[in-house]
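Here is the structure we will look at, set down as structure tokens.
The values are calculated or read from the model by the stated rules, or taken from the named source; none is laboratory data. If you're wondering where the values come from, they're calculated on a predicted model, not measured in any experiment. Positions of Cβ are generated from backbone atoms using ideal geometry, with glycine treated the same way; all protein chains shown enter the neighbour counts. Side chains are part of the model used for accessible areas, which takes the heavy atoms of the whole protein and leaves out ligands, DNA and RNA. Shrake-Rupley method; radii C 1.70, N 1.55, O 1.52, S 1.80 Å.
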Amino acid sequence: MCNGNEELAVNKGMYCIIVKNNIAPEGRETYLEAMRENAAASVRDEEGCLTFDVIEAREEENCFYLYEVYRDEQALADHKLTPHYLKSREQIIGLVVEQSVLRADVVALNSA
């Protein structure tokens, strides 16, 4: 338990990307299956992947966000070489109709 004098987490070079994907309606389930598998494998198998959440926007149909936190930028580069990442890219070809990426440094990471 934190007593106010403790920091929950301190940035030690952690790197974050937030990817916004608008998906073709007919590709929704395929996209979700690919992203769930990729996210689970990333956290489970990659030492440098600290968080990988798949989030669905409530007010934008077929709009999803990927919230990913890595130990550092190199860990993200390593992620993009993994079999699960490469498989997910193949599965979602043609499903993403619009994408944007926010790149950020982590200031504080607070998990339950």
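Rolling a 1.4 angstrom probe over the protein heavy atoms, how many square angstrom per residue are accessible across the chain?
65
So how exposed is residue 23, as accessible area in Å² (1.4 Å probe, rounded to 10)?
10
In debye, nearest 20, what is the charge dipole magnitude of the range 31-71 about its Cα centre with +1 on Lys and Arg Cβ and -1 on Asp and Glu Cβ, if you could check? Intermediate values should be presented prior to the final figure.
On the way: 4 positive and 11 negative charges, 32 e Å.
Using Cβ point charges on Lys, Arg, Asp and Glu, the range 31-71 gives about 160 debye.
Skipping prolines and chain starts, which residues have an amide H placed within reach, meaning under 5 Å, of the one on residue 14, given they are 5 or more residues away or on another chain?
Under 5 Å from the amide H of residue 14 lie the amide H atoms of 106, each far enough along the sequence or on another chain.
Decide, for the range 51-112, between rounded, prolate and oblate: order the square roots of the alpha carbon gyration tensor eigenvalues as a ≥ b ≥ c, take rounded if a/c falls under 1.5, and otherwise choose prolate if a/b is larger than b/c, else oblate. Please list the in-between numbers first.
Numbers: a/c = 2.05, a/b = 1.14, b/c = 1.80.
Oblate shape, in that a/c is at least 1.5 and b/c is the bigger or equal ratio.
Name the residue from 32, 22, 86 whose Cα lies farthest towards the positive end of the charge dipole of the chain, charges +1 on Cβ of Lys and Arg and -1 on Cβ of Asp and Glu.
Positive-most Cα among the choices belongs to 86.
Quick check for me: using +1 on Lys/Arg Cβ and -1 on Asp/Glu Cβ, what's the dipole size of the chain about its Cα centre, in debye to the nearest 20?
The dipole magnitude comes to about 140 debye.
Give, rounded to the nearest 20 debye, the magnitude of the charge dipole that the range 50-112 has about its Cα centre when Lys and Arg contribute +1 at Cβ and Asp and Glu contribute -1 at Cβ.
That gives the range 50-112 a dipole magnitude of about 260 debye.
Of all the accessible heavy-atom surface of the chain, with the other protein chains kept in place and a 1.4 Å probe, what percent is carbon and sulfur?
49
To test your reading of the geometry: what angle, between 0 and 90 degrees and rounded to tens, separates the Cα axis of helix 28-45 from the longest principal axis of the chain?
Helix 28-45 and the main axis of the chain meet at about 30 degrees.
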